[in-house]
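Everything on this sheet refers to the single structure shown next.
The values are calculated or read from the model by the stated rules, or taken from the named source; none is laboratory data. Computed from a predicted structure; not experimentally measured. As a convention, Cβ positions derive from the backbone with ideal geometry for all residues, glycine included, and neighbour counts pool all protein chains shown.
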Amino acid sequence: MAMSLNKVQLIGNLTRDPEMKQIPGGQVVTSFGIATNFTWTSKTGEKQNKTEFHNIVVWGKLAEICGQYLKKGSKAYLEGRIQTRDWEGEDGVKRYRTEIIADNMIMLDSKGGAMEGGFDREARGISNAEPDGDFAGMEAGGSKEAGSSAGAGSEEEVKIDDLPF
């Protein structure tokens with residue numbers, strides 16, 4: 001039996017405010033960008049820096065939390081899986097978008113914007129099940145995209161006491 005793993009862990013800063021939408025089935029979806037930096041020393045001894053930009057998509061209760069508590073510049077830890085969607089643009093050209101479907105998030109900023117002695121406010125254990133079938137209305141570059149997304153996860157009750165903020 002072949003084994004496979006699709007798991008992503010990122011720590012970075014939001015490049016834009018989260019955009020929260022409710023899709024026709026009633027499910028909430030939030031999308032935003034995260035920037036991560038990679039630093040290394042070249043053979044000649046000079047420091048090099050490369051920034052990567054990641055598209056993040058969050059579903060369900062966690063989507064509501066991200067939409068409410070994160071903002072451009074926020075530092076966050078995100079955990080999830082990579083998914084690539086494809087769609088045909090209005091010009092007939094097939095387009096692709098690779099996203100991180102996040103199912104766990106930890107805010108790394110304190111309310112004042114600075115780290116407070118390693119204190120993390122967490123939003124975990126919240127099911128992030130996507131709706132079954134196609135979803136439309138997610139936009140990138142101004143074009144309508146309709147992609148297929150398989151449902152995953154199970155619905156769990158979120159208790160206010162579990163949210164330490």
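When the stretch 3-18 is examined, which residues are found to be outside any strand (DSSP E or B) and within 15 Å of the chain's Cα centre (by Cα)?
Selection gives Asn6, Lys7, Thr15, Arg16, Asp17, Pro18.
Given the condition surrounded by 10 or more Cβ atoms within 10 Å (Cβ to Cβ) and not charged (D, E, K, R), answer yes or no: does some residue in the stretch 38-46 qualify?
Checked the stretch 38-46: no residue is surrounded by 10 or more Cβ atoms within 10 Å (Cβ to Cβ) and not charged (D, E, K, R).
Anything in the stretch 25-35 that is touching a residue at least 24 places away in the same chain (Cβ under 8 Å) and either surrounded by 14 or more Cβ atoms within 10 Å (Cβ to Cβ) or acidic (Asp, Glu) (or both)? List them, or say none.
Gln27, Val28, Val29, Thr30, Ser31, Phe32, Ile34
Considering only residues that are assigned to a loop (DSSP other than H, G, I, E, B) and without any contact (Cβ under 8 Å) to a residue 40 or more places away in the chain, look in the stretch 75-106 and name the one that is surrounded by the most Cβ atoms within 10 Å (Cβ to Cβ).
Val93
For the stretch 129-143, indicate whether the set of residues that are modelled with pLDDT of 95 or more, crowded, with 16+ Cβ neighbours inside 10 Å and among the aliphatic types (A, V, I, L, M) is non-empty.
No: zero hits.
A quick yes/no check of all residues on (1) farther than 12 Å from Asn13 by Cα; (2) under 10 Å from the mean Cα position of the chain (by Cα):
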| position | (1), (2) |
| --- | --- |
| Lys72 | no, no |
| Gly80 | yes, yes |
| Gly92 | yes, no |
| Arg97 | yes, no |
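Could you say whether any residue in the stretch 23-36 is within 10 Å of the chain's Cα centre (by Cα) and either under 12 Å from Lys75 (Cα atoms) or at pLDDT below 95 (or both)?
yes
Mind checking which pairs have a first residue in the stretch 4-24 that is touching a residue at least 24 places away in the same chain (Cβ under 8 Å) and a second that is surrounded by 14 or more Cβ atoms within 10 Å (Cβ to Cβ) and in a loop (DSSP other than H, G, I, E, B), Cβ under 6 Å, 6 or more apart or different chains?
Leu14/Leu70; Leu14/Ser74; Asp17/Lys71; Pro18/Leu70
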